[in-house]
Amino acid sequence: MKKTDEIRIKSPAQLNGCRAAGEKAAEVLRLMCDAVRPGISTKQLDDFALRAMQALGCKSADFGYYGYPAQTCISVNDAVIHGVPSPSVVLKDGDMVSIDITVAYEGFVGDNARTVIVGGGTPQTRSFVEHTEEALLAGIDAARAGNRVGDISHAVETVAIRNKFGIVHEYVGHGCGVDMHEAPEIPNYGPAGRGVILRPGMVLCIEPMFTLGSRKIRVSKSDKWTVFTQDGSLACHSEMMIAVTPNGAPAEILTPR
Ligand code: MF3
Ligand code: CO
Ligand code: CO
């Protein structure tokens, strides 16, 4: 995805806008996760998202983005991200469902995602989701003024390596807030101490994308969007939008769960 090269430092007024958009994105994500059940198709979930966004006064930022054909991204099992909702993808017990919601609200963008398991899952899939969340939170904890982008990447990677997860390299976290994708890129791997220095007012999306097998991915030939694992292994994805705060304090979470 093309990103503006300049890292935007948001003004207090812009941070308020990001906060409001983040809250909308988080609310839609909550409603979507609650709507997940066996027998529902991802297209039905996408229709539900459209109604939820309308009720909340926001719009999908995904729809039409580089021609993206739906309101949300819903990626099931070996789909990692950018799953195009479809009437033929019908959820069943045990499915791992990554729901990624990006909304536009009053000129700002909120972006967040999480993976839920239909019916609660097995110890293995539950632990996969829990450790992906742990990696996200470790990344957020490293997102402090004075640290560098590489410190976030390394914190995320450390949790993945400890758990022997595959780390997707081709897609990354990113700046956000005014546009969906802003600089900087935030890989989920790499050494600490490298990259740009984090400053208060940066708004970032941190989003680990892990697999239970090889890290290699392929993009669907049929819908041209859905990113699958090459080896068919399960994938997990989790994302929050945060703002870097002053004085090395913990980041503010703009998309609270
Ligand atoms: N929500 C995604 C992200 O985390 C981007 C959506 S891609 C789109 O960066 F094509 F659906 F818009
Ligand atoms: Co997203
Ligand atoms: Co994102």
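Brief remarks follow.
- Which numbered condition H82 fails, given (1) within 12 Å of ligand 2 (Cβ to nearest atom); (2) closer than 18 Å to T255 by Cβ: (2)
- Hits in the stretch 131-153 (condition: open to solvent by less than 50 Å² (accessible area, probe 1.4 Å), of a type in the set (A, V, I, L, M) and under 14 Å from the mean Cα position of the chain (by Cα)): A135, L136, I140
- Matching entry among S11, S60 (being in contact with a strand residue (DSSP E or B) (Cβ under 9 Å, 6 or more places away or on another chain), farther than 15 Å from V116 by Cα and of a type in the set (S, T, Y)): S60
- Within the stretch 1-20, the set of residues being at pLDDT 95 or above, assigned to a loop (DSSP other than H, G, I, E, B) and of a type outside the set (S, T, N, Q) comprises I7, R8, I9, K10.
- Conditions (1) assigned to a helix (DSSP H, G or I); (2) more than 16 Å from ligand 3 (Cβ to nearest atom): number failed by I140: (2)
- Of all residues in the stretch 77-89, those that are under 21 Å from G121 (Cα atoms) have Cβ atoms under 7 Å from Cβ atoms of residues that are open to solvent by 40 Å² or more (accessible area, probe 1.4 Å) and away from ligand 3 (no atom under 16 Å from the Cβ), 6 or more apart or on another chain, in N77/L234; D78/F228; D78/G232; D78/L234; A79/F228; V80/F228.
- Meets criteria (in contact (Cβ under 8 Å) with a residue 24 or more places away in the chain and touching a Pro at 6+ places or on another chain (Cβ under 8 Å)) for N188: yes
- Strands (runs of 3 or more DSSP E) within the stretch 160-257 that include 1 or more residues away from ligand 1 (no atom under 16 Å from the Cβ) and open to solvent by 20 Å² or more (accessible area, probe 1.4 Å): 217-219
- Listed by first and then second residue, the pairs with beta-carbon distance under 6 Å, at least 6 apart or on different chains, first residue in the stretch 132-144 and closer than 21 Å to P246 by Cβ, second in a helix (DSSP H, G or I) and open to solvent by 10 Å² or more (accessible area, probe 1.4 Å), are G139/A155; A142/D151; A142/A155; R144/G248.
The values are calculated or read from the model by the stated rules, or taken from the named source; none is laboratory data. Predicted model, so just to flag it, every value in this text is computed and none were measured. We place every Cβ from the backbone using ideal geometry, glycine too, and count neighbours over all the protein chains shown. Note: accessible area is taken over every heavy atom of the protein model, side chains too, but ligands, DNA and RNA are not part of it. Shrake-Rupley method; radii C 1.70, N 1.55, O 1.52, S 1.80 Å.
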